[in-house]
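S.K.: Please find one structure pasted underneath; my questions will follow.
The values are calculated or read from the model by the stated rules, or taken from the named source; none is laboratory data. Keep in mind that this is a model prediction, so the values were computed, not measured. Ideal geometry is used to build each Cβ from the backbone, glycine not excepted, and the neighbour counts take in all protein chains shown. Protein only, heavy atoms only, side chains kept; ligands, DNA and RNA dropped before computing areas. Shrake-Rupley method; radii C 1.70, N 1.55, O 1.52, S 1.80 Å.
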Amino acid sequence: AWHDDATARRVVTWVRYLDLAKGVLPDRDLTFVLENIIEHADLLATDEFHTTNTNHGMFQDESLLVISEYLPMLDKSSKYADISKKRLKDYFEFVVTDDGVHKEHSPSYHQIIASNLGQYTEYFRKKNDLGTYKEFLSIYNRMAVYFIHVIKPDGTLPLVGDTFPNHKPTGLVWTDNKYYQYA
């Protein structure tokens, strides 16, 4: 029940549930869900529970961003956002080489992580956090250059690491990069 990734994903589901249940559930039930979200957020914010420099840690940080965004009235909301932003910056700096390669060396993971990074980049642009936006955009664009070159001539991905024959490049990442879209 307290697996690192499961905890992060559960709390994001609960935030969405809480948002949808506002007009349906009685206050005591809404309070119960909110108290559990806070308990999870407090745990996710600790260094001891955080799985640093892993994609599970990235999802833990994402869940803190979701909580801070959807529940800004919480006392610790800005603290959750600050922790999340710092950890995400540290993670992407650690896990992506200067050449734009995701260090796990699996083309499928590279694409998944880049897709998430693209969403965080857009989030920080919309929040008008231009420093974080530019930092993330730079990493995201470097990741595109590598991925363009890893796609095989037949349009598939090499079977490296956790990449399987059915994993193919998606047109949903780097939508504004004409070289990637061509590849």
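S.K.: Restricting attention to the range 123-133, does a residue exist that is at pLDDT 95 or above and among the aliphatic types (A, V, I, L, M)?
M.R.: yes
S.K.: Of everything in the range 163-177, what is under 17 Å from P153 (Cα atoms) and either open to solvent by 100 Å² or more (accessible area, probe 1.4 Å) or of a type in the set (A, V, I, L, M) (or both)? Give them in sequence order.
M.R.: Restricting attention to the range 163-177, the residues satisfying the condition of being under 17 Å from P153 (Cα atoms) are 163-171.
Once the filter is applied, which keeps residues that are under 17 Å from P153 (Cα atoms) and either open to solvent by 100 Å² or more (accessible area, probe 1.4 Å) or of a type in the set (A, V, I, L, M) (or both), the range 163-177 yields F164, N166, K168.
S.K.: Looking only at the range 85-115, count how many residues are among the basic types (K, R) and crowded, with 19+ Cβ neighbours inside 10 Å. It would help to see each step written out before you state the result.
M.R.: As a first pass, look at the range 85-115 and keep what is among the basic types (K, R): 85-87, 89, 103.
Now drop any that are not crowded, with 19+ Cβ neighbours inside 10 Å, which leaves 85, 87.
Of the residues in the range 85-115, 2 are among the basic types (K, R) and crowded, with 19+ Cβ neighbours inside 10 Å.
S.K.: Moving on to the next point. Can you run down the residue pairs with Cβ atoms below 6 Å, 6 or more apart or on separate chains, where the first is in the range 1-24 and free of Cβ contacts under 8 Å to residues at least 60 places away in the same chain and within 24 Å of F49 (Cα to Cα) and the partner is among the acidic types (D, E) and surrounded by 16 or more Cβ atoms within 10 Å (Cβ to Cβ)?
M.R.: none
S.K.: Among the residues of the range 151-181, write down those that are in contact (Cβ under 8 Å) with a residue 24 or more places away in the chain, of a type in the set (V, I, T) and closer than 22 Å to Y120 by Cβ.
M.R.: T170, V173
S.K.: In the range 122-157, which residue that is in contact with a helix residue (DSSP H, G or I) (Cβ under 7 Å, 6 or more places away or on another chain) and of a type in the set (D, E, K, R) is nearest to H110 (Cα to Cα)?
M.R.: E135
S.K.: Do you know which residues across the range 49-84 are charged (D, E, K, R), open to solvent by 40 Å² or more (accessible area, probe 1.4 Å) and closer than 22 Å to A1 by Cβ?
M.R.: Residues of the range 49-84 charged (D, E, K, R): 61-62, 69, 75-76, 79, 82.
Applying the additional criterion that residues be open to solvent by 40 Å² or more (accessible area, probe 1.4 Å) yields 62, 69, 75-76, 79, 82.
Scanning the range 49-84 gives a single hit, E62.
S.K.: Residue by residue through the range 1-25, note down the ones that are open to solvent by 60 Å² or more (accessible area, probe 1.4 Å) and more than 21 Å from R87 (Cα to Cα).
M.R.: Residues satisfying the conditions are A1, T13, W14, R16, Y17, D19, L20, K22, G23, V24.
S.K.: Open to solvent by 40 Å² or more (accessible area, probe 1.4 Å), under 20 Å from the mean Cα position of the chain (by Cα) and on the phi < 0 side of the Ramachandran plot: which single residue out of G131, G118 fits that description? Give the steps one after another, and end with the answer.
M.R.: On the way: G118 fails: open to solvent by 40 Å² or more (accessible area, probe 1.4 Å).
Of the residues listed, the single one that is open to solvent by 40 Å² or more (accessible area, probe 1.4 Å), under 20 Å from the mean Cα position of the chain (by Cα) and on the phi < 0 side of the Ramachandran plot is G131.
S.K.: In addition: In the range 134-161, which residue that is among the polar types (S, T, N, Q) and under 19 Å from the mean Cα position of the chain (by Cα) is nearest to W174 (Cα to Cα)? Please lay out each step first, then the result.
M.R.: In the first step, residues of the range 134-161 are kept if they are among the polar types (S, T, N, Q); the result is 138, 141, 156.
Subsequent filtering for residues that are under 19 Å from the mean Cα position of the chain (by Cα) retains 138, 141.
Values: S138: 12, N141: 8 Å.
The residue in question is N141.
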